[in-house]
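Down below is the structure, laid out as structure tokens.
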Amino acid sequence: MALRFEVLGRFNRARAAQLTLPHFVCQTPLFMPVGTQGTIKGLTNDQLEEIGCQIILGNTYHLALRPTSELIDELGGLHKFMKWPRAMLTDSGGFQMVSLLHLADITEKGVTFQSPVDGKPMLLTPEESIQIQNRIGADIIMALDDVVKTTITGPRIEEAMYRTLRWIDRCISAHKRPNEQNLFGIVQGGLDPVLRDICVRGLVERNLPGYAIGGLAGGEDKDSFWRVVAQCTAALPEDKPRYVMGVGYPLDIVVCSALGADMYDCVYPTRTARFGTALVPEGVLKLKHQVMARDTRPIDPACGCMVCKNFSRAYIHCLVTKDAMGSQLLSYHNLYYMMKLSRDLHSSIVYGKFPEFVCTFLQKMFPEGEVPEWVCNAMEVAGIDISSCCSPVSSSYGLNLDEKAHAV
């Protein structure tokens, strides 16, 4: 095991911890920007360090296609190749079973993909996934799991869960760098609490360095989403990091942290930036809207990032409709927002102010008290009293934060 996980503070299920990895010491709760092929779109590594980014995520499937894991290994590993001195996590490539399902054939042996680059078949087995990740050299590597959308029902969910447990043993056997890289298992089981419980118990028996909750962020309703997270975090070990995969909306991160999760990743902050959208405490701000054309205020007057200190909404509005610099500035701001959210979650837990932080966060996002019912239910389970900052009227938050675009 090449990590140390030390809990520094708690509030009921929520915890703040120090996660020591080979390349960096991180604080949790922890958000990981997604750098699919060794880069975070729109930002330099110096800018990532400047905003306090502690760890980034790389995509095994895409890196294996280009520039290839063999070349990365030959050139000293991805840290050296991309000049990133801090921590790194690589996924297993398994998510492409969902995102590229029309190109994939899943069997017990592994997943055969039709390469989107040249059309050639590519077999990704548990062993090959680990070998690729060993060559890439990330601090945390993920086991190959059988991924299915949570909206699917029937025997396929059970098949995938049991296959995930069989594949974890093959991943463990194939892992040749356990003293340098930490192999995390992934809890599957769809929305079935019985299957989730079987998978958690099976993975915990393997005594892995950390555990991820997978298969979410795939179209399930929010009430089902938080209940799966709550079930899994309650059953996973107290002394190991817990990673909710593919989660990146700020509200989701606050809720999951209250339920005891530690790590998150998502393309959302940078992807939504490329569509001209900024993250703000009130929700989101659409910079493409014509009302922004003469607005001389910064994106967020309370934000300390370089973008908010130097540029107006009007200037960024002009750019996002015509120039790539607009999406770069918004990516910088959005990731700064996510890094600050992570730091604020950590410090509020350490200093015993977590309930106050949650209430302040919700008051800003839902000033009329229209906090969604699923959030209220999740906070009740988490032991956070939010009655002073909300009077829930509906569960209309939905599946996409972009639907809640406040005019700020």
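Worth a mention:
- Greater than 27 Å apart at Cα, pairs in Lys286/Lys340; Lys41/Lys364; Lys41/Lys240; Lys83/Lys364: Lys41/Lys364; Lys41/Lys240; Lys83/Lys364
- Taking the Cα centre of the range 270-340 as reference, the dipole from Cβ charges on Lys and Arg (+1) and Asp and Glu (-1) amounts to some 100 debye.
- Two-decimal log10 I(q)/I(0) for the chain, as the Debye equation yields it once each C-alpha is a single scatterer, q = 0.09, 0.12, 0.15 Å⁻¹: -0.53, -0.97, -1.49
- Between Tyr351 and Glu158, residue separation times 0.36 nm minus the direct Cα-Cα distance comes to 65.3 nm.
- Annotation for Cys318 and Lys288: the two label points, set 7 Å from Cα along the Cα-Cβ direction, are 2.0 nm apart.
- Furthest towards positive pole of dipole, Val284, Gln188, Thr233, structure part the chain, Cβ charges: Val284
- Were the residues from Val381 through Glu205 laid out at 0.36 nm apart, the gain over their Cα-Cα distance would be 60.7 nm.
- Structure remark: mean-square fluctuation, Gaussian network model of the chain, C-alpha springs under 10 Å; the largest value among His333, His175, His289 belongs to His289.
- Dipole magnitude of the chain, debye to nearest 20 (Cβ charges: Lys/Arg +1, Asp/Glu -1, about Cα centre): 820
- Listed residues Asn334, Asn12, Asn179, most fluctuating in the chain (Gaussian network, C-alpha, under 10 Å): Asn179
- Local net charge near Pro301, Cβ-Cβ under 15 Å (Lys/Arg +1, Asp/Glu -1): +2
- Modelled label positions at Glu180 and Thr39, each set 7 Å beyond Cα in the direction of Cβ, lie 2.6 nm from each other.
- Charge dipole magnitude, Cβ of K and R +1, D and E -1 - the range 273-389, Cα centre, debye nearest 20: 740
- Amide hydrogen proximity for Met32: with H placed 1.01 Å from N in the peptide plane, the residues at 5 or more positions away or on another chain lying under 5 Å are Tyr264, Asp265, Cys266.
- Relative contact order of the chain, pairs being alpha-carbon contacts under 8 Å that are 6 or more residues apart, as %: 17
Here, each number is a calculation from the coordinates, and none is a lab measurement. Note that the coordinates shown come from a computational prediction; the quantities given were computed from them, not determined experimentally. When we count neighbours, we look across all protein chains shown, and the Cβ atoms used for this are built from the backbone with ideal geometry, even at glycine.
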